[in-house]
Every structure is written in C-alpha cells, then in structure tokens.
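Throughout, read-outs are computed from the coordinates displayed, never taken from laboratory work. Being a predicted model, the structure only gives us computed values, none of them experimental. Positions of Cβ are generated from backbone atoms using ideal geometry, with glycine treated the same way; all protein chains shown enter the neighbour counts.
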Amino acid sequence: MKKAILVCILLAVLILAGCKMPGEAAEEEAAAEAEAEAEAEAEAEAEAAGELLSDLECRDGVISGTITNIGDESIDLSKDIRVLLRGLVVANRMLDCDKTILLPGKSARCDKLNGVFPVTDDNMVVVRLGMEQDIKNVACR
C-alpha cells in the first residue's frame, strides 16, 4: 500500500511539474522567438563581416557592392585595395565609395566597381586587400 501511495504522489508531482500557468507559456515562447531572432541577426553580421565583397548588383551598366574591412587594421580604399573586373584592373580613383577609410569590421558601399569598363552579361569582380581576396560574379542584363 505504501508503494502505491508513493507512486501516486510521484506521478502527481511529475504531472504538476509539467504544468505551467497560461502566461508563462506565452512568455517563454516570446523569449524563445526573440532569442532566435537575435541569433539569426548575429549570424548574418558574422557572415557579412567575413566577406570582403558582398551585396553585388548591376544596374544601368554600373556594378555596385559592399566592401568590408575583414582585417585588423584600418584601410584606405583609395590605395589599399585592388579591384578587377574580368581580369582588368579598375583604377581606385574610379571607385565611388561612401567612405574612404574603413576601420576593422566596417563597410563601405561602392558604386562603379566596373570603373570605365563596360559590363557584360556575366562579370567576375575580384577585390584584393593584402593577402585577402574575394571573387564574386554578377549578372548584368
């Protein structure tokens, strides 16, 4: 008899431990959603921070993209990087970037990554910074 009572008490405790107040479940769901969103945002930032060249697009014969300083020292976009379009060197003075100096981890949006060169249906853009290099293809139609 004692065993039966002990089993009943144990089952009651387990059942009650699994029950939650109605507000608690909603709070936990909201917290879990917020945490998932924060993790996704952090992953996106980390991914973008690891790419020297990202967000390439071609519009009206001009290639634009985001250049990110993935190194640990500041860079001067007017002299520290090299941009190539289909193997042709684009003069840094031709780049139209919203910033000139990039601190580590910071980005600049640059237009005219194709310089004076005309775009084709498929364009390979290469950005070099020291020993780092990023290659992306962008279609222009």
Give me the one-decimal nm value for the distance between modelled label points at residue 27 and residue 78, 7 Å along each residue's Cα-to-Cβ direction.
5.7
What spacing in nm lies between the two simple spin-label points modelled at residue 112 and residue 55, each 7 Å away from Cα in the Cβ direction?
2.0
In segment 52-139, how does Rg compare with the Kirkwood Rh, expressed as the Rg/Rh ratio over alpha carbon atoms?
0.93
Between residue 93 and residue 141, 0.36 nm times their residue separation minus their Cα-Cα distance comes to what?
14.7 nm
So between residue 122 and residue 9, what do we pick up on full extension, going 0.36 nm a residue minus the alpha carbon distance?
33.5 nm
What is the magnitude of the charge dipole of segment 52-139 about its Cα centre, with +1 placed on the Cβ of each Lys and Arg, -1 on the Cβ of each Asp and Glu, and no other charges, expressed in debye to the nearest 20?
200
